[in-house]
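Visitor: Take this structure, written in structure tokens, and hold onto it; I'll ask about it next.
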Amino acid sequence: MIQDLSPIYLQLADKICDDILLEKYMVEERIPSIRDFAASHEVNPNTVMRSFEYLQQNEIIFNKRGLGYFVSKEAPRLIKEIKKKNFKDFVLPNVFKQMEQLNIGIEEIINEFENYKTK
């Protein structure tokens, strides 16, 4: 099994982003409080606070003072942009390296992708 080496606060932020893309949290809808999220994921509230700060800095969520945190209108688009950039910057270079090491051509990858899409 491959372990995620990113900090826990980024793993939690990614979980929230995935939930937004899966529409578990809808645009302009309130997300769980820091305490509730920390309890449900068995992490320190300070770690969740860092996650929320990261998401706020990236304009994925916003705070309504006294009401909590909400999903921004632009969240789905922004999340996809961030995930696409991370994919291109971090995942693809490793894929290309392995393709080269294993002598896998782009045609083989295209065929595998086409098979994947038809499943």
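The values are calculated or read from the model by the stated rules, or taken from the named source; none is laboratory data. As the structure is a prediction and not an experimental result, all values here were calculated from the model. Using ideal geometry, Cβ is built from the backbone for each residue, glycine included, and neighbour counts are taken over all protein chains shown.
Visitor: Out of the stretch 101-117, which residues are charged (D, E, K, R) and either at positive phi or loosely packed, with under 10 Cβ neighbours inside 10 Å (or both)?
Guide: Selection gives Glu107, Glu114, Lys117.
Visitor: Can you find a residue in the stretch 24-31 that is under 18 Å from Ile82 (Cα atoms), of a type in the set (Lys, Arg) and under 18 Å from the mean Cα position of the chain (by Cα)?
Guide: no
Visitor: Criterion first (surrounded by fewer than 12 Cβ atoms within 10 Å (Cβ to Cβ) and free of Cβ contacts under 8 Å to residues at least 60 places away in the same chain) does Ser40 satisfy it?
Guide: yes
Visitor: Within the stretch 1-56, which residues are among the acidic types (Asp, Glu), modelled with pLDDT of 95 or more and assigned to a loop (DSSP other than H, G, I, E, B)?
Guide: Glu23, Glu28, Glu29, Glu42
Visitor: Quick check on this structure: which one of Glu53, Glu107 is without any contact (Cβ under 8 Å) to a residue 24 or more places away in the chain and within 24 Å of Leu10 (Cβ to Cβ)?
Guide: Result: Glu53 is the single residue among Glu53, Glu107 that is without any contact (Cβ under 8 Å) to a residue 24 or more places away in the chain and within 24 Å of Leu10 (Cβ to Cβ).
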